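The values are calculated or read from the model by the stated rules, or taken from the named source; none is laboratory data. Bear in mind that the values here come from a model prediction, so they are computed numbers and not experimental data. FYI the Cβ positions are ideal-geometry reconstructions off the backbone, even for glycines, and counts take in every protein chain you see. In case anyone asks, the SASA skips ligands and DNA or RNA and just uses the protein heavy atoms, side chains included. Shrake-Rupley method; radii C 1.70, N 1.55, O 1.52, S 1.80 Å.
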Amino acid sequence: MAESVVTFFLDKLSELLAFEVGLVLGVEKELRSLQNELQWIRSFLKDADGKSKGNERVRIWVNQIRDVAYDAEDIVDTFILQRERRRGRLDDGVLGFLRRCTRPSTTQLGIRHQFGKKIEDIKIRIGEISANKSKYGIEKIEGGEAASSSSSEGRPQKRMGISCIADEMDVVGIEDDVNSLVHRLIKGAQRRTVVSIVGMGGLGKTTLAKKVYNTSEVKGHFDCQAWITVSQEYSMRMLLLNVLRSVALPEEDIEKAQKMDVEELGKRVRENLKERRYLIIVDDIWNRDAWDAFEPVFPNGVEGSRVMLTTRNKDVALYADARSVPYELKFLPECKCWELFCNKASHENVAKRSSNGQVRTCRIHDLLRELSISEAKEGKFFDIYPHDNPISPIVARRLIVYHDKIIPNRFLSLGHLHSFLSFTSDVDLHKNQYTAFLGGFKLIRVLDLEGAHIAYIPNEIGELIHLRYLGLRRVGLAEVPSTIGNLFNLQTLDIRENSCKRLPKKFWKNQFLRHLNMGKCVTLHFKLLHQDPIDVPKHAQLGHLRNLETLTGIRAGSWIGDSLTKFSNLRKLGIGRVSNIHGPELVNSLAKLDHLHSLWLEGEEIPKLTFSHHHHLYKMYLLGSLKTLPVLQEFPANLTKLHLGFCKLEQDPFATLERLPKLQSLRLLPDAYSGRGMRCSSRGFPQLEVLEIRKLNQLEHWTVEEGAMPNLKSLSLNECSMLKMLPEGLRRITTLQNLKLLRMPLNFTQRVYEYDGLDWYKIEHIPSITIKWIDEAWDAFELAFPNGMEGSRVMLTTHNKDVAVYADARSVPHELKFLPESKDICGGLPLAIVVLGGMLSCKEKVLSEWQKVSKSATWQLQEGQNRISGILALSYNDLPYYLKSCFVYCGVFPEDFEIPSWKLTKLWIAEGFVQQRGAERLEEVADDYLKELIHRSMIQVAKRSSKGRVKTCHIHDLLRDLAIAEAKEGKFFDIYAHNDSTISPIVARRHVVYDENIMLIGWSLGSRGRMPSTHTQRDRRSHSFEVSWIEEYRNSDTSNLPISNLTNLQTLDIRETQCKSLPNEFLNKKFLRHLCIGKCVFLVSKIIHENPIDLPKQVELGRLRNLETLTGIIAHSWIWESLEKLTNLRKLGIGRVSSDHRMGLASSLAKLDSLNFLCLEGKSIPTFRLTHHQHLSTMFLLGGLEKLPKLFLEGSELKQDPMAVLMELPKLQILGLLQGAYFGKVMHCLLPGFPKLEKLVIQLNKLEDWEVDIGAPRNLRSLSLIECAEMKTLPEGMAYMTNLRELKLLGIPPIITDNMYEAYCGREWIKTEHIPSVTMRANADQYGDP
């Protein structure tokens, strides 16, 4: 990027010295000297720029060059601004003349002297940077050709020979995926189903969804389709408007919808979808909040309606529809990768093209966008606001504002800014603040405030003399200040869709102006066509605008005869309010503008024109009385797009237009033709793809002969009130994909009803047919009528059957008859391949250029895992800096290991990867980090808790390989396995040892450290120390561990060891956050009561005010003395509890209102109230109980049925009745008990009979019956547990298990045949967390 910065600045210097002699008079010597210095520097940058990513010295050197080029550019721009002010070019009229006459010449000398001094300082800096190149050995660094090298030296060359344009849909290897998804959309459940495509960034989710979306089967199955792209930043309002446009809402209603707020728009979308079978594609959705925002808008609709999501986050997919299995994309096989690569290496990719093949819109994949943002931030190229750190200084040259208020105080001191682009309509600036706002942009070149609703521009805008691009479209502007005429460098001005009537006379003298977009003439909605073209002041001379290429929205006037012929470079012209008096001059002028590409004329009468010599003219919009069309020879030879409106043609226009050989798009807008019939002849319109006929109120019949319009793809008929039927010839046009019939008369639409309509056979082959009636009165009332209770009704009486059918198309109107006496009235990793192929497509097709790419690409097309790792590295490189270390850290865990999320986040915190964020706890920030990695598909969820939180996660083995490779490269960690045969020096900061099931993690060991003793004695920098997985300590005494000196320790985990106590000094650790000891948090019954750790006498546990986790500690006097001081506790586990601790526990626990986990174990558990503990979600009460509060019970020795109480707990999701919890023989589960229960574990060896009401518990998904030795049969109600997905029978009597086999039609089989997963084992020695 530094190379481009220097090159652009050198180009600017060359232009100044060549064309702006007056501006640089007296400083040419300084500028030429600076130019020479930078030219030498640039010669070294081509290679250095490419190597900067891999070499820190080169990176620093390149960044210094970039910064000095930026500073030099600012000095030159500031000098020009000062000189212009002193020359009085920014002053108008007599006052300006007087200032120029009285201004002393010494001021000019002072400016030149100051400028020369600053340029000399820049040259000194350049000299120091050049010297550093040799001083630090940068020029000795070897490397191949830089990946960023252009294919030719000097200026960019025009690409030649690109004649074939590849469509994005030309992809490979997804045919089976398309077929599977089409089947799920069409043949799935009748309810509104969410079908999700899930995969990591770049797998081709969007491409696959587009392929499915455009299949003829999908288009033919759904009544309407819409596509919205959400991404991370989105506007709910704009996306809802896009849905309304896509579901064939008339333009008048779209205009009304644009004035609605989000809530009203949502209701309108819902009402338009509820009576239709619809398909909505929600592309690139990132989180649950986004789905929560959109989900209410999508009604059930007609049976078979679908919503298709594409997302990186499988959790979002399951959250949207838990009953729909997400479709997970796989890597492409090698053969398909090569095929895709070959295709993309020869072609290019765009989003939309115009009718003449030019790029209309383009887009960038979100991963590539993240790469561009990363490069921009590294190179100070641009910054995005709001960003991660809202108080950090803005140092980039360009500032982008997204979906946030523009806060003036943040932007008042941005004198270095060269571009400001706003993508928000919420601008918090008062009228008197605009002066200060714009005053800070003295060097600005690009200012784009489109859609910002600012309504006022101050006179100070005239001081922004470096401005090249000024975007003020749709800002509510009523007047343009006269000082805009001072912007003599302005190249583009866009003031469309405002209310301003004219521009100042001085503005029309700008000789550099290239694009001027005004008025509303480019809007194709016919109601807007006549509005607000801009008037030209009298006597204004437009002939100065010789570089003008675009001129739209200008009112016809005398300037047509005076100046239009001088615009020899004009490509796009739009004139409004044309009349007869402009005819001769307009005809004469247009004849000389032979470079025109697009022409737009609107007015009372369009003069007859000839365009036979306009070979570049391919788009025409003629909106006004025309009477007769030009003859065929007078049309442009390459015309591809034609719109005619209000022409009042009397002769059939098709007779002439069908012979235009290259016409692709034709729209006949209101009153374009006043005749009764039209005919499309055989072989007519050979290239036509789009045809719209709107509001031709006299048209009665239309004939299409066989062979006409052989390439037609889209046909729209709108408000042709007299047209009786569709033409017969439509049934022979097999290319037709979309038919829209909007506001057509009732007798017409009845003929196209599916199957029984008289004209249905003409259109039954068309995949997508939209029929829409509109009645504004019903639309207004319908929103007030909800679905209500079952059986609610609305009764209409109306003269118009169209209204009745529109209100409810599935309800047949009741038509009253005359009395008897009357007459009867009867929708590998391809991204990396596309990136590489796209880069090669920009190179010359010569061997040397391809060899350069082959040498420098970080991901080469090699065999085996090296290729895959390089491809996956793209996703890694796009991670934010704060996630990269977190991701790489996941590589320390063994392959296919389920990583406990609590452990992972605590290790991240201990390592210092997690940064403080406001008042949030570090654990909360770490949880967000984990969620973001999951969202990006860099980590996958393995298990979730009952609350939906990530319980365990895992990393794909290929991604783990990537993490390990990055770790070794960066000396982040090293792994030593039992099969390592070599001994290498320890250089990494972290060390992981694998030996079968042993994993040992150590930090900063140095050259002598060995775990565990030397490490703990010699390194006080350790933040985390773990021995819970070291097999040698499972049966040993660790009480003598020398851990007292670990002053910064945050987490200590010594569970499942023989440790009996901790040293006094250890319990003074002020940074300690998590202390896990003993075994009380484990649910395996054999060890729950064993080995909690005792505290030393007279220890003050209250010093540990940062403690959040304290488990496995023996109840003692510290409960009264210290427990209530531990106000940050989230997780507490105490052993050996008795009734003696009742008062202390009750008093202390009442003050620990942040608790979310509580484990109490002992012979007698005291009772106490926890009603104010709103965060407490998990409790383990392990011991004798007089009363039953909640959740897990073991050894409670209850005599009464526990379900009688537990069933009343409204939010209970998991229940475990373990050994000794209940001594009764019978339990009853009644309706509507256990409303939220999802998982139930019963391990009661005295239970004989369990009775379950039909439908209870209604949300149960997992049931485990363990060692219920006396149980005789499964409950009959199990057959009605329709949500039950998993049944485990462990150690259950044969009288039950022998009757579980389908082949014998056992009675127990009948109760369980609907359950997808049934596990039976004769023994149950161990079982996991229930």
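Using the Cβ-Cβ distance between MET1143 and ALA293 with R0 set to 51 Å, the FRET efficiency from 1/(1 + (r/R0)^6) comes to roughly 0.55. In whole angstrom, the stretch 664-719 maps to an equivalent ellipsoid with semi-axes of 19, 13, 8, each derived as √(5λ) from the alpha carbon gyration tensor and ordered largest first. Protein heavy-atom surface of the stretch 1196-1303, 1.4 angstrom probe: 50% of the accessible area is carbon and sulfur, with nucleic acids and ligands not counted.
What residues of the stretch 644-658 lie in the reach of a label at MET722, counting those whose backbone N is under 15 Å from a point 7 Å from the Cα along Cα→Cβ? Inside the label zone: 648-653. Sequence-ordered 3J(HN,Hα) estimates for the stretch 1134-1142 from the Karplus curve with 6.51, -1.76 and 1.60 and θ = phi - 60° stand at 10, x, 6, 6, 9, 5, 5, 9, 4 Hz, glycine and proline given as x.
Could you give the dipole magnitude of the stretch 628-671 about its Cα centre, charging the beta-carbon of Lys and Arg +1 and that of Asp and Glu -1, in debye to the nearest 20?
220 debye
Proximity of backbone amide H atoms, modeled 1.01 Å from N, is registered between MET1320 and LEU1289 at under 5 Å, excluding neighbours fewer than 5 places apart on the same chain.
Inter-label distance, ASP121 to GLN1058: 7.3 nm, where each label sits 7 Å from its Cα along the C-beta direction. Of the solvent-accessible surface of the stretch 539-593, computed with a 1.4 Å probe over protein heavy atoms with every protein chain present, carbon and sulfur atoms account for 44 percent.
Projecting label points 7 angstrom from Cα along Cα→Cβ for SER235 and ASP1201 puts them 6.1 nm apart. Listed cross-link partners LYS314/LYS772; LYS1125/LYS1199; LYS219/LYS330; LYS274/LYS330; LYS903/LYS1069 are compared with a 28 Å cut-off, the Cα-Cα value being larger for LYS314/LYS772; LYS1125/LYS1199; LYS274/LYS330. Under the criterion of Cα pairs below 8 Å and six or more residues apart, the relative contact order for the stretch 1110-1183 equals 31 percent.
Amide H contacts of VAL302: ARG276, ARG277, TYR278, each under 5 Å away and 5 or more positions distant or on a separate chain (H built 1.01 Å from N in the peptide plane; Pro and chain starts excluded). Each label was represented as a point 7 Å from its Cα along the Cα-to-Cβ direction; for ASP261 and SER134 these points are 7.0 nm apart.
Say R0 is 51 Å: what FRET efficiency, to the nearest 0.05, do SER682 and GLN511 get from their beta-carbon distance?
0.40
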